[in-house]
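In what follows, a single structure is set out as structure tokens and then discussed.
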Amino acid sequence: MRLRLHRAARWLDRRRRRLTRRLAARFRPRTMPRQAWLLLWLTALAVVVAVTGALAPQWAPTSAMVFVLLLGGFFLRMRTMVLLYLVAAAGAALTVSVPGEGGLSTRPGDLVLLAATAVLVAIFVRSRERLGVQGTLGDTMLVDLRDRLRSQGRVPPLPPQWHVETELRPAFGDAFSGDFVVATRTPGEQGDLLEVVLVDVSGKGQGAGTRALLLSGAFGGLLGAMPVEGFLPAANAYLLRQDWPEGFATAVHLAVDLGTGRFRVGCAGHPPPGTGGAGEPWRLLDDDGGPALGLVPDVDFPAVHGQLLPGQALYLCTDGMVELPGEDLSVGTETLLRLAAEAGRSGWREGAAVRLVDAAAVEESDDRALVLVWRSA
């Protein structure tokens, strides 16, 4: 008997819990979607602006509805924005219908401003929907992409006598640049090797930023993972596989043995590096190099070898550093060599790359990048 009562109690308990779950699911208040909550709050704000504009136009003119539309453009999708447009239009109509002291309380210019803002906000929202982001998420994403691009160019810690500085200046002060740096340090049995690649992607500013981000990740994976002489051919093959309409880039690859100072430089359509110091005049590392990456398959990239002694330096630069309006490229190249020689006479100090870029005083209509490597005496 006791066992039967126990089973009956368990059966009733299961039935009670099942019924409770069903009732809770049936009568539980549904959570409103985020877009509905945002539309509700913005509608309330629009009503407050419209009523205030009707009763006290000196505190809330019709143009104040622009603020509501701008907030909606940041947080609402286009379908929801249509409803907010209707609310804003009704609020503006309410404000217009209330006569002021000298007639209508709304100036025609306020209505023109409201209509122009509505058009601009619609374009803005459409653009964000095409990207698949809402609110400030798109801006956060762009900042994250920019930071990732810069982090690829951070130079790893080096021995005390070695110094590397990079300076990137996007065209017109944009946040994104078609120039980027990738660096890695690979200790091994054959020496402590520092590799630096300076790349100039076709295009400039934000237009080249997405391609630069993709290439920086790919080149970062190639750098240090293969023999030094195989980097540029592998980078060229990778770029050819992308099949971009503007799918070429120039690059210069530097590999330095941090123990002996011996280096190897390979260029792919890039301005030649310059080196000098410690009593030695500055000179260009003249070499024919190879073509730009992504143009010709199965091509060789000749290299130049040398050695950085204590007190000597070497720079890598993009064409934005040596292109002067109305002048031959050789003029800008000789100018940069002279500036580097002058900067190195008093010894290299922290911030030397920034000062050298400032001294070049080239046009800001192109991306500019400089990598300066020096060995303390």
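The values are calculated or read from the model by the stated rules, or taken from the named source; none is laboratory data. Note that this is a predicted model, so its numbers are computed, not measured. Cβ atoms come from the backbone with ideal geometry, glycine included; neighbour counts cover every protein chain shown. With ligands, DNA and RNA removed, areas are computed over all heavy atoms of the protein, side chains included. Shrake-Rupley method; radii C 1.70, N 1.55, O 1.52, S 1.80 Å.
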query = What are the residues in region 167-183 that are open to solvent by less than 30 Å² (accessible area, probe 1.4 Å) and modelled with pLDDT of 75 or more, if any?
reply = Pro170, Ala171, Gly178, Asp179, Phe180, Val181, Val182, Ala183
note = Result of the Cβ filter at 7 Å on region 45-73, keeping first residues that are more than 20 Å from Val125 (Cβ to Cβ) and part of a helix (DSSP H, G or I) and partners that are open to solvent by less than 30 Å² (accessible area, probe 1.4 Å) and of a type in the set (Ser, Thr, Tyr), at least 6 apart or interchain, is Ala50/Thr95; Gly53/Thr62; Gly53/Thr95; Ala54/Thr95; Thr62/Thr95; Thr62/Thr106
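Go through region 264-377 and tell me which strands (runs of 3 or more DSSP E), entirely inside it, have 1 or more residues that are at pLDDT 90 or above, open to solvent by 50 Å² or more (accessible area, probe 1.4 Å) and closer than 25 Å to Pro170 by Cβ. Walk me through how you get there before you give the answer.
Values: elements: 274-277, 280-284, 303-307, 312-317, 368-375.
Output list is empty.
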inquiry  = Can you report the number of residues in region 224-263 which are surrounded by fewer than 14 Cβ atoms within 10 Å (Cβ to Cβ) and among the basic types (Lys, Arg)?
reply    = 1
ask   = For Ala225, all conditions in the list (1) touching an Asp or Glu at 6+ places or on another chain (Cβ under 9 Å); (2) not in a helix (DSSP H, G or I) hold save one; what is the number of the exception?
value = (1)
ask   = Taking the condition more than 28 Å from Glu334 (Cα to Cα) and either open to solvent by less than 20 Å² (accessible area, probe 1.4 Å) or in contact (Cβ under 8 Å) with a residue 60 or more places away in the chain (or both), does Leu193 pass?
value = yes
query = Counting just the residues of region 76-94 that are in contact (Cβ under 8 Å) with a residue 24 or more places away in the chain and open to solvent by 70 Å² or more (accessible area, probe 1.4 Å), which one comes out nearest to Ser127 (Cα to Cα)?
reply = Arg77
